[in-house]
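Quick notes on the structure that follows.
The values are calculated or read from the model by the stated rules, or taken from the named source; none is laboratory data. Quick caveat: nothing in here was measured; it's all calculated off a predicted structure. Here the Cβ is made from the backbone with ideal geometry for all residues, glycine too, and neighbour counts use every protein chain on show. Please note that ligands, DNA and RNA were not included when accessible areas were found on the heavy atoms of the full protein model with its side chains. Shrake-Rupley method; radii C 1.70, N 1.55, O 1.52, S 1.80 Å.
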Amino acid sequence: MRVVEAFRETFQAEPEGVWHAPGRVNLIGEHTDYNDGFVLPFAVPWGVTAAVSPRGDDLIRLRSLQTGGVVTLGSPDGAEGWARYVAGVFWALREAGHPVRGADLVVVVSR
């Protein structure tokens, strides 16, 4: 699996887990499905796959196979560009009181 190979290459370790989120598009009804409105979603052949391992510190190290390079964050506040999406998840979990530490992540858009 491409994302696992990239994780090994980047962090010289095996990921603890690999997850895939399939893509979808709303043809009509954006944000109406949870407001009792009509919606017409359909699947698309793309999705996002992530290989992840937790860290014992608060450091977040990210690599996207679409952009190249590793982004290292000491806190979610320092994120820029695409890394802000990932950093926002860490921020939201921490704000909700979850004891989230750092992680090493490699993400890829798959087709």
Next item on the list: Report yes if T67 is part of a loop (DSSP other than H, G, I, E, B) and either open to solvent by 60 Å² or more (accessible area, probe 1.4 Å) or in contact (Cβ under 8 Å) with a residue 12 or more places away in the chain (or both), otherwise no.
Entry: yes
Check: What number of residues within segment 70-111 satisfy the criterion of being assigned to a strand (DSSP E or B), within 21 Å of R8 (Cβ to Cβ) and open to solvent by less than 40 Å² (accessible area, probe 1.4 Å)?
Finding: 7
Next item on the list: Would you tally the residues in segment 9-68 being under 16 Å from the mean Cα position of the chain (by Cα) and small (G, A, S)?
Entry: 9
Notebook entry, point to check: Given the structure, is D58 in contact (Cβ under 8 Å) with a residue 24 or more places away in the chain, assigned to a loop (DSSP other than H, G, I, E, B) and of a type in the set (D, E)?
Noted result: yes
Next item on the list: Please find, among E5, E16, the residue that is open to solvent by 40 Å² or more (accessible area, probe 1.4 Å) and either closer than 27 Å to E95 by Cβ or in contact with a Gly (Cβ under 8 Å, 6 or more places away or on another chain) (or both).
Entry: E16
